[in-house]
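Working notes for the structure below.
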Amino acid sequence: MRIRSLLLILVIALITAFTVLNWNVFLANTTLSFGVTHLDAPLGLIMLGLLIFVVAYCLVYVLYLQSNVLIDTRRNAKELHTNRELADKAEASRLTELRGFVEAGLKQSTEQDKAAQQALLARLDALETSLRSSVEQSGNSLSAYIGELEDRLTPDKEAPVTLR
């Protein structure tokens, strides 16, 4: 950008120097033809005026384009900022939703674990009760068998013993 600006200033300086050096020629009247009419006017001054008009028009056009670019850039920056905020909010919303889903899953898993643990404890209690009753029944049966064997092995004092 700096080189272009310097080149433009140099060209304007050369045109200005050329105009100052040839000012008398620029003011000399000549016959100009406009197709339908003829006019006596200074050709150099008319051409200089046209050059100044074209340069001014180009400068206005460049300023217009630059202002449009700046306006578009600002609008795009605002839209980008708005879209970024929306995306951040959407991401935060998704993260909050995910957190809620994970917490609900963990809560459900904890409840299922508690229910399974309670069912397991109830089953273990039932098995323990069943085992105790089976052991008690086995103990009672064993005691009955031992008592019966004892009765058979020990002779009755009242019954006569016969030897054969």
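Filter the range 21-60 for residues that are assigned to a loop (DSSP other than H, G, I, E, B) and of a type in the set (Ser, Thr, Tyr) and give the result.
Thr37
Could you check Lys157 against (1) at pLDDT below 95; (2) assigned to a helix (DSSP H, G or I); (3) not aliphatic (A, V, I, L, M) and say which number it fails?
(2)
Failed condition for Asp40, given (1) at pLDDT below 90; (2) touching a strand residue (DSSP E or B) at 6+ places or on another chain (Cβ under 8 Å), with all others met?
Status for Asp40: all satisfied but (1).
The values are calculated or read from the model by the stated rules, or taken from the named source; none is laboratory data. Please read these numbers as outputs of a predicted model, since none were measured by experiment. So basically every Cβ, Gly included, is an ideal-geometry build from the backbone, and we count neighbours across all protein chains shown.
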